Amino acid sequence: MSRALIFHHGSTGTATDLAFGLEKIDRRKLYGYVDTEVVDGAGRACDTALLAGDGRTLIGRGGSALALLDVDGNYLDKASLTPIGPAGTPLSRVPSSFDAPIALHERASIDSLLNHNIKAAYVLTPPMSAPELLAELRGGAIYTFPFSFRGGLDPDVGFLVANPDGVPFLLLGKPTRLEFVSLAEIADPEADETVEPDSDDGDEVDFAMM
Amino acid sequence: MGSINLTNSKGRDSVVATRRVSTALRLRWLDGKSRQAAGVRICRAPLDRDLGALSARFGGDAGPDAMAKLADALVAGDPEVDLERTGAFLHDTVRVFVDPDQKIATAVATWDIVRQPDGSVRERRPHQAQEQNVDTPTPLRWSGKLIKKAEIWNRFVFAAKLQVVHVNGLTYDFLYEMARELELKDSLLRVGAGPKGAQPLIFQRGGTAYHGFLEGRTRGESYCLILHLANLELRAPEKSADKAGEKDAAARSKP
């Protein structure tokens, strides 16, 4: 059973803390999934491994690790290091969003939501005392707030929304760098970048077909 | 920079470019002397020294006592450590398949096992990687299926997006007009691949399949044409939907 996520909703004086249960949704749960099985010539199941640069050492799952070294090649304990952002300023760790209620005071527009890549979606189980908040969400309100599941250096942007059926969801996303381009800014199609964003005639989109 | 073959509402097509728009926080770690730390991948244990191999070697047929025997061996002789390889830096590695005997398997067959949401097997078929279908001689059609922004934003999980950009003056006019048309209609256009425009978009061989939705914005002479990509609807699995519905119904019936 996952921990409840608490939202602080309402105007001063009448604000209440609302505890929502949450469950992650993904393609496996909605449409099923495809397992890939690799077998050798005798029909025995094979597993993946890494072949090291020496051409003979095989390393299985969990057999390798990342380590940090200083310029002299000495091992560094990560706890002793300072994280630095792109601007060269030290980054501070944000607490887990489960540690304290999340204040719902900022709303987002549809365009703002569409400017984010949504990396995770959770269906929320509302408490009994949330009809006011649910009514707002069902009316099209989008609340936004910083969100970090376990705490960390790079919080996500959280969106509290309701789908067309009125079921509340928590969406976690990252902002994108969309830019308006003018005639002078001609793209170079030869620039080296592999783009991976990661039959039905009807109007409905069939997601199970994928 | 990728490319995409796109058709406009007049049925004219052109190959244009796509640009990634995702952002990732690029962290650096500094040591006590403000020197940047470098990340390396190291070998913790080769396959012939990991738990499975050592259990077979020291536990053997001991049954329930196998782990105890292995523990004794670990204390007595450090068999898990290979002084030559444990802790070695890993570079120029290659991903391989190994058989149950932990030997490299060279002639392998790959199967896809299609499962239902409950895990039951629906189909078993030879694996076939799908080719990219966004930059082919068959352009992505202007489907004409427009969905108002206000109706679509909470129907799908838009997991990724690409910005479609021009590669010359002609394609600037082509894309600007497309963006303006979509902006005026305040709608997203459903974009699909294949002759009927109904197939999901695949950007590289074996890559993830997405449904595409094109959005246009303009500002003066500049434009922003966004291809939103989704492979998940914003809906609850059956069980969760029931649970949420029950609680909600109870809340509504409460005086």
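Nothing in this text is a laboratory measurement; each read-out follows from the coordinates by a stated rule. Predicted model, so just to flag it, every value in this text is computed and none were measured. No Cβ is skipped: glycine too gets one built from the backbone with ideal geometry, and neighbour counts run over all protein chains shown.
Pairs of Lys residues in chain B are counted when their Cα atoms are under 21 angstrom apart and they lie 8 or more places apart or on different chains; the count is 14.
Can you compute the FRET efficiency between A:A103 and A:K78 using 1/(1 + (r/R0)^6), with r the Cβ-Cβ distance and R0 = 41 Å? Round to the nearest 0.05. It comes out at approximately 0.85. Each label point was placed 7 Å from the Cα along the Cα-to-Cβ direction; for B:E151 and B:T138 their separation is 2.7 nm. With respect to chain B, whose longest principal axis is taken over its alpha-carbon atoms, helix B:238-253 is tilted by about 70°. A Förster radius of 30 Å, combined with the Cβ-Cβ distance separating B:L27 from A:H8, puts the computed FRET efficiency at roughly 0.45. Which stretch or stretches of region B:20-49 have amide N atoms under 16 Å from the point lying 7 Å from A:D47's Cα along the Cα→Cβ direction? B:44-49, by backbone N distance to the label point. Angle of helix B:169-185 to the longest C-alpha principal axis of chain B, folded into 0 to 90 degrees and rounded to 10: 80°. Karplus-based coupling profile of region B:187-196, in residue order and whole Hz: 9, 9, 9, 6, 10, x, 9, x, x, 9, with θ = phi - 60° in 6.51 cos²θ - 1.76 cosθ + 1.60 and x standing for Gly or Pro.
What value, in deg cm²/dmol to 500, does the helix sum -39500 (n - 2.57) over DSSP H runs of n ≥ 4 give at 222 nm once divided by the residues of chain A?
Taking each H run of at least 4 residues, the total per residue is -2000 deg cm²/dmol.
Sequentially through region A:113-128, phi angles give Karplus couplings (6.51, -1.76, 1.60; θ = phi - 60°) of 4, 5, 7, 10, 8, 8, 9, 7, 9, 10, 7, 9, 9, x, x, 4 Hz, Gly and Pro residues having no value and appearing as x. Once you've got the GNM for chain B with C-alpha springs shorter than 10 Å, pick whichever of B:G192, B:G32, B:G77 has the biggest mean-square fluctuation. Of B:G192, B:G32, B:G77, the most mobile in the Gaussian network model is B:G32. Simple spin-label estimate for B:V40 and B:R125 gives 4.7 nm between the two label positions (7 Å along the Cα-to-Cβ direction from each Cα).
Given the Cα-Cα distance of B:A73 and B:A109 and 0.36 nm per residue of separation, how much length would full extension add, in nm?
Details: separation 36, 0.36 × 36 = 12.96 nm, distance 3.80 nm.
Length gained between B:A73 and B:A109: 9.2 nm.
Computed 3J(HN,Hα) for region B:105-117, one whole-Hz value per residue from the Karplus formula 6.51 cos²θ - 1.76 cosθ + 1.60 where θ = phi - 60°, is 8, 9, 9, 10, 10, 10, 10, 9, 10, 7, 10, 6, x, glycine and proline marked x.
Taking the Cα centre of the protein assembly as shown as the origin, how large is its charge dipole in debye, to the nearest 20, when only Lys and Arg (+1) and Asp and Glu (-1) carry charge on their Cβ atoms?
On the way: 55 positive and 64 negative charges, 164 e Å.
Rounded to the nearest 20 debye, it is 780 debye.
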